[in-house]
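Asker: Quick one: the structure is below, and I'll ask about it shortly.
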Amino acid sequence: MRENMPCILCKENKSLRESHIYPEWLYRPLYDDNHRFFVLSTDANKRRGTRPKGIYERLLCHEYEQRLSRWEGYARNVFHELPLKVIEDNGSVVFSGLNYDSFRLFQMSLIWRASIAKRPEVHRIDLGPHSEKNRKML
């Protein structure tokens, strides 16, 4: 049994969940028929292979995992259900009916989780002095 550790968001000692750095639904287009995706690297010395799910780490307690999950669910609905308009002149995509606050918090949660995670896939992401400000906003 794992002992309680500080949740990276609420800072309380709690049982931590295996938190995805990026939501599982973002990986869906990459999966093969066996629910695996190929891991590639620009480093020729790194082994290629498959992974059954995205990158994750023990980061959040159940309560705060659920909080971020609400914003992830909102963003999933934005990408899958809201009407999109592509502006041909510059290739931009415009969403209609977007709740800016919810979508912004989703985006902030992604970059913040990547910045505090210890995974090698995201080791270069660093918010520096903005990390704590983002944590408090989330």
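A short reminder: the numbers here are calculations on the coordinates, not readings from a lab. Note that the coordinates shown come from a computational prediction; the quantities given were computed from them, not determined experimentally. Neighbour counts are summed over all protein chains in view; Cβ atoms, including those assigned to glycine, are modelled from backbone coordinates with ideal geometry.
Asker: With a cut-off of 8 Å between alpha carbons and a minimum separation of six or more residues, what is the relative contact order of region 13-73 in percent? Mind showing how you got there, number by number?
Answerer: Working: 70 pairs, mean separation 28.3, N = 61.
Value for region 13-73: 46 percent.
Asker: Sticking with this one: Jot down the per residue volume, in cubic angstrom and as a whole number, of the convex hull over the alpha-carbon atoms of the chain.
Answerer: On the way: hull volume 23.6 nm³, N = 138.
Output value, Cα hull per residue: 171 Å³.
Asker: Give me, ordered by chain and number, the residues 5 or more places off residue 39 or on other chains with an amide H under 5 Å from its own placed amide H.
Answerer: 49, 50, 51
Asker: Longer than 25 Å from Cα to Cα, which of 14/136; 46/133; 11/46; 53/118; 14/46; 53/133 are they? Say none if no pair is.
Answerer: 46/133; 11/46; 14/46; 53/133
Asker: Then there's this: Would you give the gap between the C-alpha center of region 94-138 and the C-alpha center of region 13-79, rounded to a whole Å?
Answerer: That distance is 14 Å.
Asker: Follow-up question, since we're still on this one. Give the order of 37, 106 when sorted by the count of other beta carbons within 10 angstrom, beginning with the fewest.
Answerer: Going from least to most buried by this count: 37, 106.
Asker: About the Cα centre of region 13-137, what is the dipole size in debye to 20, counting +1 per Lys and Arg Cβ and -1 per Asp and Glu Cβ, all else neutral?
Answerer: Numbers: 22 positive and 16 negative charges, 110 e Å.
It works out to roughly 540 debye.
Asker: Beta carbons within 10 angstrom, averaged per residue: use that to sort the peptides 113-124, 59-70, highest first.
Answerer: 59-70, 113-124
Asker: Same structure, new question: Based on Cα coordinates alone, diagonalise the gyration tensor for region 92-138, multiply each eigenvalue by 5, take square roots, and list the semi-axes in whole Å, largest first.
Answerer: After diagonalising the Cα gyration tensor, the semi-axes are 24, 14, 8 Å.
Asker: Output ³J(HN,Hα) for region 33-44: one whole-Hz value per residue in order, computed from phi by the Karplus curve 6.51 cos²θ - 1.76 cosθ + 1.60 with θ = phi - 60°, and x for Gly and Pro.
Answerer: 5, 9, 6, 10, 10, 7, 9, 10, 9, 7, 8, 4
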